[in-house]
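Q: Please find one structure pasted underneath; my questions will follow.
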Amino acid sequence: MHNSLFNPEKQQQDTTSKVVAGLERISEAFKALLWEKAKTLGLSPIQIRILLFVAYHKEVLCNVSHLANEFNITKPTVSDAVRILDKKELIIKDFSSSDSRSYTILLSTKGKDMVVQTENFADPLKRQFEGMPSKELNTLFGHISKVIFGLHRTGILSVQRTCYGCVFYDKQQGKDYCNLLDTSLAAKDIRLDCPEFELKG
């Protein structure tokens with residue numbers, strides 16, 4: 001027990017444990033902000049996250065199977081959330097012509113209005129970073145993007161669309177490079193959620 005990263009004495013002796021504990025605090029802040037917005041609008045946190053995801057991603061990704069992987073939850077949980085969003089007339093189910101059970105999730109006009117009301121919930125968290133010097137912010141982001149890719153490689157995160165796992169990503173003369181954009185990538189240029197992402201085989 002003494003070596004647990006949750007032990008404050010261990011944290012004092014190990015910066016890595018402090019970093020993980022700090023990330024846990026930030027995660028709690030994100031969840032608290034999301035819950036507060038959800039309660040205000042009469043939605044659940046997962047319903048808000050589904051609306052935001054559908055608003056900003058390709059239709060091919062907006063289905064129950066992919067959303068379950070995206071949020072690391074079960075298909076029945078996503079289906080229940082989608083059913084309520086449909087009942088509230090916030091989404092439209094666009095059924096496949098080849099499979100009547102398969103559908104793409106689209107936003108209704110009412111759903112688009114709801115996105116406008118919900119998408120600012122994390123702004124208080126964002127403001128905490130806005131005063132940070134750009135060099136420090138870029139370094140922080142560089143480390144975060146590599147941690148996210150590492151968590152995907154170990155199977156903890158099931159979905160990622162970051163440059164490091166993309167077929168277009170390369171190393172040229174020791175520098176990150178995108179073959180699609182035909183350009184070198186600085187740490188700040190690495191994307192966490194790239195629309196052109198294609199999984200590297």
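The values are calculated or read from the model by the stated rules, or taken from the named source; none is laboratory data. Note that the coordinates shown come from a computational prediction; the quantities given were computed from them, not determined experimentally. For neighbour counting, all protein chains shown are included, and Cβ atoms are generated from backbone atoms with ideal geometry for every residue, glycine included. Surface areas here come from the heavy atoms of the whole protein model, side chains and all, with no ligands, DNA or RNA. Shrake-Rupley method; radii C 1.70, N 1.55, O 1.52, S 1.80 Å.
Q: Return one number: the angle in degrees, 0 to 90 and rounded to the nearest 10, between the long axis of the Cα atoms of helix 45-56 and the longest principal axis of the Cα atoms of the chain.
A: 90
Q: Keeping the other protein chains in place, figure out the carbon and sulfur percent of the accessible area of the stretch 96-173, with a 1.4 Å probe.
A: The nonpolar share, carbon plus sulfur, comes to 55 percent.
Q: Dipole of the stretch 1-89 (Lys/Arg Cβ +1, Asp/Glu Cβ -1, origin at the Cα centre): which of Leu61, Ile48, Thr74 lies farthest to the positive side?
A: It is Ile48, whose Cα lies furthest towards the positive end.
Q: Given the chain, what percent of its DSSP beta bridges are antiparallel, to the nearest 5?
A: 90
Q: Show the residues, 5+ positions off or on another chain, whose built amide H is closer than 5 Å to the amide H of Arg161.
A: Cys194
Q: With only Lys, Arg, Asp and Glu charged, each at its Cβ (+1 for the first two, -1 for the last two), find how big the charge dipole of the stretch 1-61 is about the Cα centre; round to the nearest 20 debye.
A: 180
Q: Could you list the residues of the stretch 128-144 with an amide nitrogen less than 14 Å from a label point located 7 Å from the Cα of Ala187 in the Cα-to-C-beta direction?
A: The answer is 133-144.
Q: Related question: Projected onto the charge dipole of the stretch 142-201 (+1 at Lys/Arg Cβ, -1 at Asp/Glu Cβ, origin at the Cα centre), which of Gln173, Leu157, Ser184 gives the Cα projection farthest towards the positive end?
A: It is Leu157.
Q: Please give the helix 75-87 orientation as an angle from the longest Cα principal axis of the chain, in degrees from 0 to 90, rounded to the nearest 10.
A: Approximately 50 degrees, to the nearest ten.
Q: Please label the shape of the stretch 46-116 as rounded, prolate or oblate, based on the square roots a ≥ b ≥ c of the eigenvalues of the alpha-carbon gyration tensor (a/c under 1.5 means rounded; beyond that, a/b larger than b/c means prolate, else oblate).
A: Rounded shape, in that the Cα axes give a/c under 1.5.
Q: Next up: Quick one: putting +1 on the C-beta of Lys and Arg, -1 on the C-beta of Asp and Glu, what dipole do you get for the chain around its Cα centre, in Debye to the nearest 20?
A: 260
Q: While we're here: Compute the whole-percent fraction of alpha carbon pairs in the stretch 92-150 spaced more than 17 Å apart.
A: Above the 17 Å cut-off, the stretch 92-150 has 67 percent of its Cα pairs.
Q: Using only Cα atoms, tell me the angle between helix 15-41 and the longest principal axis of the chain; keep it within 0 to 90° and round to the nearest 10.
A: The angle comes out near 20 degrees.
Q: Moving on to the next point. Give the accessible surface of the chain per residue, rounded to a whole number of Å², with probe radius 1.4 Å and ligands, DNA and RNA excluded.
A: Solvent-accessible surface per residue comes out at 65 Å².
Q: Can you work out the base-10 log of I(q)/I(0) for the stretch 28-163 at q = 0.10, 0.14, 0.20 1/Å, using the Debye formula on its C-alpha atoms alone?
A: Summing over Cα pairs of the stretch 28-163 leads to -0.40, -0.76, -1.28.
Q: Can you give me the distance in nm between label points at Leu125 and Asn179, each placed 7 Å from the Cα along the Cα-to-Cβ direction?
A: That separation, rounded to one decimal, is 3.5 nm.
Q: Sum -39500 (n - 2.57) across every DSSP H segment of at least 4 residues in the chain, then divide by the residue count to get the 222 nm mean residue ellipticity, nearest 500.
A: Dividing the helical sum by the residues of the chain leaves -16000 deg cm²/dmol.
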